[in-house]
Amino acid sequence: MTQKFSYWDDLTIRENLDFVARMYGMSNRKETVDRALEDLGLHSRASQLTGSLSGGWKQRLALAACLLHEPRLLLLDEPTAGVDPTARRDFWEQLHELAARGISGVVENEPGLMPDGAVIIAAITSCTNTSNPRNVIAAGLPGSCTWTKRA
């Protein structure tokens with residue numbers, strides 16, 4: 001998931017997700033898109049044009065698109081840059097829920113925008129690691145580790 005929103009402003013949320021599902025060659029697009037809309041709290045806005053969304057809602061859409069093909073690992077580049085504090089908190093809560101489902105993530109972000117000021121090196125919580133990257137590697141993926149020493 002890129003820092004800069006990279007979907008189409010003149011399509012609805014549903015149309016954007018359907019387009020991405022087509023790019024993945026998914027045969028069960030409608031069910032997959034409906035599940036993503038529901039999982040990310042986008043269902044009530046499915047017909048809304050993406051160009052009219054706030055930054056936080058655009059990031060939810062981007063995350064939903066990343067999850068369509070059920071990845072085991074997410075690569076997130078500054079996923080909460082430019083969103084308000086409430087949307088930022090909601091986004092991190094969603095990532096924690098994904099971690100509980102076994103989805104790992106590699107996040108690059110400003111330390112001040114991370115939960116509790118931590119620098120997350122690999123995955124989205126559950127194993128806390130305060131020493132060095134070797135411990136992150138030793139913990140393995142899928143899994144989760146937070147490295148609190150600044151890079």
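Within segment 1-15, restricting attention to residues that are over 14 Å from A64 (Cβ atoms) and under 15 Å from the mean Cα position of the chain (by Cα), which residue is surrounded by the fewest Cβ atoms within 10 Å (Cβ to Cβ)?
For segment 1-15, the residue satisfying everything is K4.
All but one of (1) closer than 25 Å to A100 by Cα; (2) surrounded by 17 or more Cβ atoms within 10 Å (Cβ to Cβ); (3) out of contact with any Ser or Thr (no Cβ under 7 Å at 6 or more places or on another chain); (4) not aromatic (F, W, Y) hold for D18; state the number of the condition that does not hold.
Checking D18 against (1) closer than 25 Å to A100 by Cα; (2) surrounded by 17 or more Cβ atoms within 10 Å (Cβ to Cβ); (3) out of contact with any Ser or Thr (no Cβ under 7 Å at 6 or more places or on another chain); (4) not aromatic (F, W, Y), the one that fails is (1).
Being surrounded by fewer than 20 Cβ atoms within 10 Å (Cβ to Cβ) and part of a loop (DSSP other than H, G, I, E, B) is the filter here, so list the residues in segment 55-90 that pass it.
Once the filter is applied, which keeps residues that are surrounded by fewer than 20 Cβ atoms within 10 Å (Cβ to Cβ) and part of a loop (DSSP other than H, G, I, E, B), segment 55-90 yields L68, H69, E70, P71, R72, E78, A81, G82, D84.
Values quoted throughout were computed directly from the atomic coordinates according to the rules given, and no laboratory measurement underlies them. All figures in this text were calculated on a predicted structure; none of them were measured in a lab. Glycine gets a Cβ as well: all are built from the backbone with ideal geometry, and neighbour counts include every protein chain shown.
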